[in-house]
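Have a look at the structure below before the remarks.
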Amino acid sequence: LVPTTTRTREQYQRVRLPIPTAAYAICANGGHLLVDGRTDEDWHAAVRARLTDECAPLAEIRAHLRATADPAWLLKERVAEELFAYLVVDRAQLPPTWVKELTEWAEPRGWTVSLQGRKIYAVPRPLTKSAAMAEVARRTGARTTLAAGDSLLDADLLLAADHAWRPGHGELAETGWQAPHVTAVAAAGVVAGERILAEALRAAAA
């Protein structure tokens, strides 16, 4: 079991899971690979090197966000692990074209943009959960990978897994996102989690 999240390491470590410390965990959307609870510095350095080579710097992205966001709907501006940025916004006041315009500006600079709930994420394109998952599979010799997720930032992880599940809640469900090997579970919340766990355990035992 590899907990995988967009949360920072600090945020992840506040989560109490009913299991011992996972041998591997993926934080900051793949920017940090934890091994027995500690950051693998070689992985993190490799990620940073790739971001430097392929993407505009975080400072440029933040400057653009600050210059174009309107205080009328911007609630907070945050940086996660010095890897990516996000805004907390008032969705009711957010202009309908702002995210599209930001996406068009960010794409040629090697960044992706997604709106999830009240948050607008600006994430470097190479910073992915799927890349970190592939590294864990390589290190452990795993021949089959199973994944589950509900947010737009989980899409690359689900696509990269051999089989995956998408619950009936979250942005992926709201947008109707699907893929041939991804099971769309109609249930939401805890019920969805229980069903996904049961199906994943059956798949792992097959």
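Points to keep in mind about this one:
- Between the amide H of residue 184 and those of 166, distances stay under 5 Å, these residues lying 5 or more places away or on another chain, with hydrogens modeled in the peptide plane.
- Environment charge of residue 96, counting only residues whose C-beta is closer than 14 Å and scoring Lys/Arg +1, Asp/Glu -1: -1
- Crossing angle, helix 129-140 versus the chain [Cα axis fit, 0-90 degrees, rounded to tens]: 30 degrees
- The Rg/Rh ratio of the stretch 7-90, with Rg taken over Cα atoms and Rh as the Kirkwood radius over Cα pairs, comes to 1.06.
- Inter-label distance for residue 140 and residue 23, nm, one decimal - labels placed 7 Å from Cα along Cα-to-Cβ: 0.7 nm
- The stretch 123-206 - convex hull of the alpha-carbon atoms, volume per residue in Å³: 96 Å³
- The mean accessible area for residues of the stretch 5-162, using a 1.4 Å probe and ignoring ligands and nucleic acids, is 53 Å² per residue.
- The 3J(HN,Hα) values that the Karplus relation (6.51, -1.76, 1.60; θ = phi - 60°) gives for the stretch 40-49 are, in residue order, 7, 5, 5, 4, 4, 5, 5, 5, 4, 4 Hz. Gly and Pro appear as x.
- Relative to the longest principal axis of the Cα atoms of the chain, the long axis of helix 58-68 lies at roughly 50 degrees.
- Evaluated at q = 0.10, 0.11, 0.17, 0.23 Å⁻¹: base-10 log I(q)/I(0), Debye formula over Cα of the stretch 25-145: -0.35, -0.42, -0.86, -1.28
- Per residue Cα convex hull volume in Å³ - calculated over the stretch 79-187: 125 Å³
- With 5 Å bins beginning at zero, the pair-distance distribution over Cα atoms of the chain amounts to 1, 7, 14, 18, 20, 17, 13, 7, 3, 1, 0 %.
- Sorted on the mean count of surrounding Cβ atoms within 10 Å across their residues, most packed first, peptides 7-17, 107-117 read 107-117, 7-17.
- ³J(HN,Hα), Karplus 6.51/-1.76/1.60, whole Hz, each residue of the stretch 14-24, x for Gly, Pro: 7, 7, 9, 9, x, 9, x, 3, 5, 4, 10
- Extension gain, residue 11 back to residue 73 (0.36 nm per residue minus Cα-Cα distance, nm): 19.8 nm
- Where the Cα pairs of the stretch 49-91 fall when distances are cut into 10 Å bins, in %: 26, 50, 20, 4
- Ordering of 152-158, 24-30 by burial proxy (mean other Cβ atoms within 10 Å per residue, highest first): 24-30, 152-158
The values are calculated or read from the model by the stated rules, or taken from the named source; none is laboratory data. These figures come from a predicted structure and were not determined experimentally. Virtual Cβ from ideal backbone geometry, glycine too; neighbours counted across all protein chains shown. What goes into the accessible areas is simple: the full protein's heavy atoms, side chains included, and nothing from ligands, DNA or RNA. Shrake-Rupley method; radii C 1.70, N 1.55, O 1.52, S 1.80 Å.
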